[in-house]
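Peer 1: Mind looking over this structure? Questions follow.
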Amino acid sequence: MSNLEGKKALITGAGSGIGRASALDMAANGASVMCADIDAQAAEGTAALIDDAGGKADALGLDVSNEADVKAALDNTATRLGGLNVIFNNAGVGGGHGWDGTIAVNLSGVYYGLLHGAPMLASAGGGSIINTASVAGLVGLTGPAVIDPEEIESGAGAYVAAKHGVSGLTKQYAVSFGPHGVRVNAIAPGYIETPMTAEFRSEELAKEYITNLHPIGRLGQPEEIATVASFLASDAASFVNGVVLPVDGGYTAR
Ligand SMILES: NC(=O)c1ccc[n+]([C@@H]2O[C@H](COP(=O)([O-])OP(=O)(O)OC[C@H]3O[C@@H](n4cnc5c(N)ncnc54)[C@H](O)[C@@H]3O)[C@@H](O)[C@H]2O)c1
């Protein structure tokens, strides 16, 4: 458990997977949470789950690849929740979106959250920003994900480039905004059982291959990322700044 009493958090991609689990975890730890997603109905679904559990939540629709949307979401969150201390730039897409589509969501989407969010937190006295990178933000992908060389640029190449970009942005914003009381960190998940990986996991050989990439011998659950996001959001992580933290069952340890 991380103490998030009194914190106000904006989470993108909160309609599903890691974002939904993190919204639930942060709310259970006492935060007021703005659930944001391109699928506004799914974001509302997450807010309703938090409501049912006795937590505080609201929801809005946004496309993180649209700078104006991100800026408006930050402003709306601060107005509707009465402040903002935590931003979780988590929304992302998997393969199959081409170079431009992948970079727009997975890299520019995080950039807009930092560009407009970091100064906002700084002028409000500080806070914590968490970005979702990936093991693909630390090392290249291997195996079935990159089996077709012709798809590397638009598929795995774009994903790996975007996530390495998230790692770089995390470090730069940590350096630039640390002096202003804003901590900026990233989580680098291994393969997690969310809708993003469902198709991949449905193929027995692919599932076996990716499972074996994790020394812990299994894939991760979204809740195992959520607890780390809550920790990084909390004051318990007050000296943690600029890390890209693998939460990957040992994937990047070898
Ligand atoms: N699942 C994994 O194995 C894994 C591993 C490493 C990193 N990640 C990263 O974790 C993050 C969350 O992924 P997930 O596994 O929970 O996937 P998911 O598909 O379950 O959830 C992603 C959410 O992001 C939303 N989204 C997509 N594009 C958006 C946009 N333009 N604007 C706003 N919202 C948008 C989707 O509607 C969805 O609700 C992503 O950044 C992903 O790259 C996932």
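Just so it is clear, none of the values below were taken in a lab; they were calculated from the coordinates. Please read these numbers as outputs of a predicted model, since none were measured by experiment. Quick reminder, even Gly has a Cβ in these numbers, built from the backbone with ideal geometry, and neighbours come from all protein chains shown.
Peer 1: Just to confirm a number: summing +1 for Lys and Arg and -1 for Asp and Glu over residues other than Gly109 whose beta-carbon lies under 11 angstrom from that of Gly109, what do you get?
Peer 2: -3
Peer 1: Using only Cα atoms and rounding to the nearest 10 degrees, what angle (0 to 90) does helix 222-233 make with the longest principal axis of the chain?
Peer 2: Around 40 degrees separate the two axes.
Peer 1: Among Thr194, Thr46, Thr12, Thr142, what is the fewest-to-most ranking by other Cβ atoms within 10 Å?
Peer 2: Fewest-to-most Cβ neighbours within 10 Å comes out as Thr142, Thr194, Thr46, Thr12.
Peer 1: Radius of gyration and Dmax for segment 19-157's Cα atoms, expressed in Å?
Peer 2: Cα-based Rg and Dmax for segment 19-157 come out at 16.3, 50 Å.
Peer 1: Over the chain, what is the mean sequence separation of C-alpha contacts under 8 Å (at least six apart), divided by residue count, expressed as relative contact order in percent?
Peer 2: 21
Peer 1: Provide, for the chain, the number of lysine pairs with alpha carbons under 24 Å apart, each pair being eight or more places apart or on different chains.
Peer 2: Within the chain, the lysine pair count is 11.
Peer 1: Still on this model: Quick one: dipole size for segment 8-236, taken about the Cα centre, charges +1 on Lys/Arg Cβ and -1 on Asp/Glu Cβ, in debye to the nearest 20.
Peer 2: It works out to roughly 880 debye.
Peer 1: Among Ala36, Gly109, Phe88, whose Cα sits farthest toward the positive end of the charge dipole of segment 8-236 (+1 at Cβ of Lys/Arg, -1 at Cβ of Asp/Glu, about the Cα centre)?
Peer 2: Selected residue: Phe88.
Peer 1: Shifting gears a bit: Which angle from 0 to 90°, rounded to the nearest 10, does the C-alpha axis of helix 109-123 make with the longest principal axis of the chain?
Peer 2: The two axes meet at around 30 degrees.
Peer 1: At 222 nm, what value in deg cm²/dmol follows for the chain if DSSP H runs of at least 4 each add -39500 (n - 2.57) and the sum is divided by all its residues, to the nearest 500?
Peer 2: It comes out at -13000 deg cm²/dmol, rounded to the nearest 500.
Peer 1: Using the charge dipole of segment 121-254 (Lys, Arg: +1 at Cβ; Asp, Glu: -1 at Cβ; taken about the Cα centre), state which of His164, Phe231, Gly127 has its Cα farthest towards the positive end.
Peer 2: Gly127
Peer 1: Taking neighbour counts of Cβ atoms within 10 Å as a proxy for exposure, in what order, fewest first, do Asp25, Asp100, Asp63, Asp37 appear?
Peer 2: Fewest-to-most Cβ neighbours within 10 Å comes out as Asp100, Asp63, Asp25, Asp37.
Peer 1: On average, how much area does the Cα convex hull of the chain cover when viewed from any direction, in nm²?
Peer 2: Dividing the Cα hull surface by four gives the mean projection, 12.4 nm².
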